[in-house]
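Below you'll find the structure I mean.
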Amino acid sequence: MRYLLMAVVAIALTACIASSGIIAAGRPDTYAITVMVAPINGGGAMARRIALTDANDFCQQQGRVFVPDNVSAAGDLRYPPTGSMLRFRCLTPNGQAWQTQDLQEPLTIGR
């Protein structure tokens, strides 16, 4: 019985994370991801961590550099946020895009 309870709890905790996956966001080399995490699994803070990690891994797999553009809270904002929405770019390490004006601006972190 004890093992059954542990299995049910493990499955319940694992099922409390949802991600949109990485999707193209219009401009070249620009992508977005939204991650929702149940409060028991870390809520918005964990969602932000997962989104940033997934985005960085995605860019590295392409041999590019991860550049966050905008991070904002997602989900029901009447409560502490349980999600994070990230827009980012994957740029070539020595490309001209590093010199553009929009990359000189600070990261926007909103709620």
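The values are calculated or read from the model by the stated rules, or taken from the named source; none is laboratory data. As the structure is a prediction and not an experimental result, all values here were calculated from the model. Neighbour counts run over all protein chains shown; Cβ positions are idealised from the backbone, glycine included.
All but one of (1) under 22 Å from GLY95 (Cβ atoms); (2) modelled with pLDDT of 90 or more; (3) out of contact with any helix residue (DSSP H, G or I) (no Cβ under 8 Å at 6 or more places or on another chain); (4) not in a helix (DSSP H, G or I) hold for ASN56; state the number of the condition that does not hold.
(4)
Still on this structure, please answer the following. The conditions are (1) under 14 Å from ARG87 (Cα atoms); (2) of a type in the set (Gly, Ala, Ser); (3) assigned to a strand (DSSP E or B), and ALA18 fails exactly one of them. Which is it?
Just one mismatch for ALA18, condition (1).
Another question, then. Which of (1) within 23 Å of CYS16 (Cβ to Cβ); (2) modelled with pLDDT of 95 or more; (3) part of a strand (DSSP E or B) is the odd one out, the single condition ARG87 does not satisfy?
(1)
Can I ask one more? Do we find that ASN56 is more than 15 Å from the chain's Cα centre (by Cα) and on the phi < 0 side of the Ramachandran plot in this structure?
No: the conditions fail for ASN56.
Any idea how many residues of region 65-95 are surrounded by fewer than 18 Cβ atoms within 10 Å (Cβ to Cβ), touching a residue at least 40 places away in the same chain (Cβ under 8 Å) and within 12 Å of the chain's Cα centre (by Cα)?
The qualifying residues number 1.
Follow-up question, since we're still on this one. Against the definition (surrounded by fewer than 17 Cβ atoms within 10 Å (Cβ to Cβ) and either modelled with pLDDT of 95 or more or of a type in the set (D, E, K, R) (or both)), how does ARG49 come out, yes or no?
Yes.
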